[in-house]
Amino acid sequence: MLRTVSFALLAALLALPASANQIVQRLDWTSRASDPQYEYIYKPSFQQFDPSQGMLTGVTYRVFGTTFGSITAVLRDGEEPGGPSSYIAYQRGFFLAVEAPSLSPSIDTAPTEFFASHQFTTDAGPVTLTNQSDWGPTLDYPLGDVTSYLGNGTIGLRVFISANRDTTLEGRGIPIADDTGALLTLELIYDFTPAAVPEPASVAILGAALLGFGAIRYGGRRR
């Protein structure tokens, strides 16, 4: 009877449930643009998941951020304030793409736009237009295959950021100063179940059980 209890206790201790955990790696960067069109390629890296920490159960990429911008325009000499041609509109679109192992298809966001407009009603001095908006909803990209993310090395990425500008100011001789961009965050999230580690009290109980089992065997031999 005591032998059965000892083995049952040992099995129960080894099967103690472990709680799920997350490791989040984060990259933040600012992309600024003053040219009508630009493209930027960024090559960051993340750490792989160390298998000694437990069992990797999921890998997710997450993208979020904001766009911002300001332009300063001056009414052209001879332009009539309040006239049809003194209306200005400005728009810049930002586009993000990410390539990474097992990320198929790659992250490919819809363009996020910054827009501002103004009607000159006076010719006194420059006018500055500003705006800021969320990049869009937080985008999650879970991976089906996590094999490439196991190890003690790094995961290399390729991040593409591009933008284009469309404004009624082009070709009208109106001086402008353009400062627009995006504040972006890319996260790599590891979901994992940590390796089960018995609590000190459980280890003590296990030790006592094993000692008891040893005593039973010793007593059996003496008979």
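Quick check on this structure: which one of 91, 47, 25 is touching an Asp or Glu at 6+ places or on another chain (Cβ under 6 Å) and surrounded by 14 or more Cβ atoms within 10 Å (Cβ to Cβ)?
Residue meeting the stated conditions: 91.
Determine whether residue 128 is modelled with pLDDT of 75 or more, over 17 Å from the mean Cα position of the chain (by Cα) and not aromatic (Phe, Trp, Tyr). Yes.
Every residue, every condition in (1) surrounded by 13 or more Cβ atoms within 10 Å (Cβ to Cβ); (2) farther than 30 Å from residue 130 by Cβ; (3) at pLDDT 90 or above, yes or no:
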residue	(1), (2), (3)
150	yes, yes, yes
164	yes, no, no
189	yes, yes, yes
195	no, yes, no
200	no, yes, no
207	no, yes, no
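Of all residues in segment 43-72, those being outside any strand (DSSP E or B) and in contact with a strand residue (DSSP E or B) (Cβ under 7 Å, 6 or more places away or on another chain) number 5. Of all residues in segment 110-134, none satisfies the criterion of being surrounded by 17 or more Cβ atoms within 10 Å (Cβ to Cβ), within 14 Å of residue 63 (Cα to Cα) and out of contact with any Phe, Trp or Tyr (no Cβ under 6 Å at 6 or more places or on another chain).
Screening residue 85 on (1) closer than 26 Å to residue 164 by Cα; (2) out of contact with any Asp or Glu (no Cβ under 7 Å at 6 or more places or on another chain); (3) surrounded by fewer than 14 Cβ atoms within 10 Å (Cβ to Cβ) shows it passes everything except condition (2).
The values are calculated or read from the model by the stated rules, or taken from the named source; none is laboratory data. Small disclaimer: the values here were computed from a predicted structure and weren't measured. Cβ: placed from backbone, ideal geometry, glycine included. Neighbour counts: every protein chain shown.
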